[in-house]
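**Q** Structure below; questions to follow.
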Amino acid sequence: MAAAQNSGDAETHQAAKRLKTDETEAGNNGEKFISNFEVGRVLRDSTREKTIFVHGKIDDQEAIVILEKTPITEDVLPEMLKTSTQTLEMRNDIYSTYKLRPPPHLSGVKTTVICPATEKHVKKYLRQETFLIEETEQDYQSITLPYINSQSFSVQWVYNILEKKAEADRIVFEDPDPQDGFVLLPDFKWDQKQVDDLYLIAIVHRRDLKSLRDLTADQLPLLRNIREKGLEAIMKRYSVPASKLRVMLHYQPSYYHLHVHFISLDYDAPGCGVERAHLLADVIQNLQHQSVYYRKHTLTFPARADDTLLGKFREAGRL
Ligand code: G7M
């Protein structure tokens, strides 16, 4: 049924190809595209995470650009220390501070562009106060489900991946089975430069499962398959064992097509908090005990102040 997409040489080739693609994009059209960005307003920034989310325009189209300084890894340290230009800022007794300017290939900034960006994207990245919502089975049926069905949440990017129209060269593993199969590939949050912040997503081939809420014991073979083969593929490709990975689902997800996150345990990724993350191992156990667990139980999730769903819960007097 399923087969690892690559093995041995093919994997090395794939990795080389991936790097080449990155370079080509950055060096040619990518560079020009980003330099056309006209800065509008800052939606969110964090000095601790060294990120900034900016709303603006590229060639008259709404755009969001996310800039993130990448971590310094051990393998580049010797070269960085040797080849950076350095300026002494201050010296006092045994203490001194410097400003190092590494050569361009060691000072990359991970950049994500969303263009054309919709109002929903802007809202998603705008800093907002969050609230917890406790969603009962009844709330799901009367508030959440009608809301999901009434929205045109585009999962086109997901279909592009499943149909190999986008990111095909980034696929790490695929099980093509239409019922229990999935595609495993790097989340676009991960630049694949180091495994400390490893982040992959497994996207199921089935198109009828929106989220955790839709899962019953019928999907146990699918979930076990994702866990087992996803972990195996990550071990094979990145040598990261299961004991170093957080394998989880979000509730609510941002995109209503079932997917599972595989995240390095060393990476404090957004959405890993108890209010949004559900470990796949726990989900499997809960469904083993009670097939309708996720249909019946109250599920708690965070929602931002400007989230339409939060507004619907308020209107219904549930908040
Ligand atoms: O569970 P939730 O729906 O919040 O997570 C969706 C995940 O998909 C996030 O971690 C995003 O970073 C990731 N993601 C979103 N988009 C639009 C893309 C994309 O186009 N490609 C890839 N590889 N990941 C994406």
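The values are calculated or read from the model by the stated rules, or taken from the named source; none is laboratory data. No experiment lies behind these values; they were computed from the predicted model shown. We place every Cβ from the backbone using ideal geometry, glycine too, and count neighbours over all the protein chains shown. Accessible surface areas use protein heavy atoms only, side chains included; no ligands, DNA or RNA. Shrake-Rupley method; radii C 1.70, N 1.55, O 1.52, S 1.80 Å.
**Q** Over 24 Å between Cα atoms, which of 124/210; 123/244; 165/244; 57/312 qualify?
**A** Long pairs (Cα-Cα over 24 Å): 123/244; 165/244; 57/312.
**Q** When ligands, DNA and RNA are left out and all protein chains stay put, how many square angstrom of accessible area per residue does the stretch 66-107 have with a 1.4 Å probe?
**A** For the stretch 66-107, the solvent-accessible area averages 84 Å² per residue.
**Q** May I ask for the longest run of the chain untouched by trypsin sites (Lys or Arg not before Pro) that are loop-located per DSSP and have at most 14 neighbouring C-beta atoms (other than their own) within 10 Å?
**A** 208-319
**Q** Taking DSSP loops as anything outside H, G, I, E and B, show the longest stretch in the chain free of GluC sites (Glu not before Pro) there with at most 15 other beta carbons within 10 Å.
**A** Looking at the chain, 168-274 is the longest stretch - no exposed GluC sites (Glu not before Pro) with at most 15 other Cβ atoms within 10 Å.
**Q** Something else about it: Out of residues 5 or more away from residue 135 or on other chains, whose amide H comes under 5 Å of its own, with H placed 1.01 Å from N in the peptide plane?
**A** 299, 300, 301
**Q** Could you check how many percent of all C-alpha pairs in the stretch 118-192 are farther apart than 17 Å? Don't skip to the end; give the middle numbers.
**A** Values: 1858 of 2775 pairs.
It works out to 67 percent of all Cα pairs.
**Q** Could I ask something else about it? Per DSSP H run of at least 4 residues, take -39500 (n - 2.57); add these up for the chain, divide by its residues and hand me the 222 nm value, nearest 500 deg cm²/dmol. Intermediate values should be presented prior to the final figure.
**A** Working: 10 runs with 94 residues, N = 319.
Calculated at 222 nm, the ellipticity per residue is -8500 deg cm²/dmol.
**Q** For the stretch 154-167, what does the Karplus curve 6.51 cos²θ - 1.76 cosθ + 1.60, with θ = phi - 60°, yield as ³J(HN,Hα) per residue in whole Hz, taken in order and with x for Gly and Pro?
**A** Along the stretch 154-167, the couplings run 6, 10, 4, 4, 5, 4, 4, 5, 5, 9, 6, 8, 8, 6 Hz.
**Q** How large is ³J(HN,Hα) for each residue in the stretch 137-148, as worked out from phi by the Karplus curve 6.51 cos²θ - 1.76 cosθ + 1.60 (θ = phi - 60°), to whole Hz, x for Gly and Pro?
**A** Whole-Hz 3J(HN,Hα) from phi for the stretch 137-148: 4, 5, 4, 4, 5, 9, 10, 5, 4, x, 5, 4.
**Q** Evaluate the relative contact order of the stretch 68-148 (contact order divided by residue number), counting alpha-carbon pairs under 8 angstrom at least 6 apart; express in whole percent.
**A** This gives 24 percent for the stretch 68-148.
**Q** Starting from the 7 Å offset along Cα-to-Cβ, what nm value, one decimal, do you get for the label separation of residue 214 and residue 132?
**A** Placing both labels 7 Å along Cα→Cβ, they lie 2.8 nm apart.
**Q** Counting Lys +1, Arg +1, Asp -1, Glu -1, what net charge surrounds residue 265 among other residues with beta carbon under 15 Å of its beta carbon? Numbers along the way, then the final one.
**A** Values: positive: 244, 246; negative: 196, 197, 266, 268.
Taking every Cβ under 15 Å from that of residue 265, the sum is -2.
**Q** Whole-Hz ³J(HN,Hα) for each residue in the stretch 202-218, computed from phi via Karplus 6.51 cos²θ - 1.76 cosθ + 1.60 with θ = phi - 60°, x for glycine and proline: what do you get?
**A** 9, 10, 6, 5, 4, 10, 9, 10, 7, 7, 3, 4, 7, 7, 10, 4, 4
**Q** I would also like to ask the following. Quick one: with all protein chains in place, what share of the accessible area of the stretch 66-143 is carbon or sulfur, to the nearest percent (1.4 Å probe)?
**A** 54 percent
**Q** Could you list log10 I(q)/I(0) for the chain at q = 0.06, 0.07, 0.11, 0.15 Å⁻¹, which the Debye formula gives when each Cα is one point scatterer?
**A** -0.25, -0.33, -0.82, -1.43
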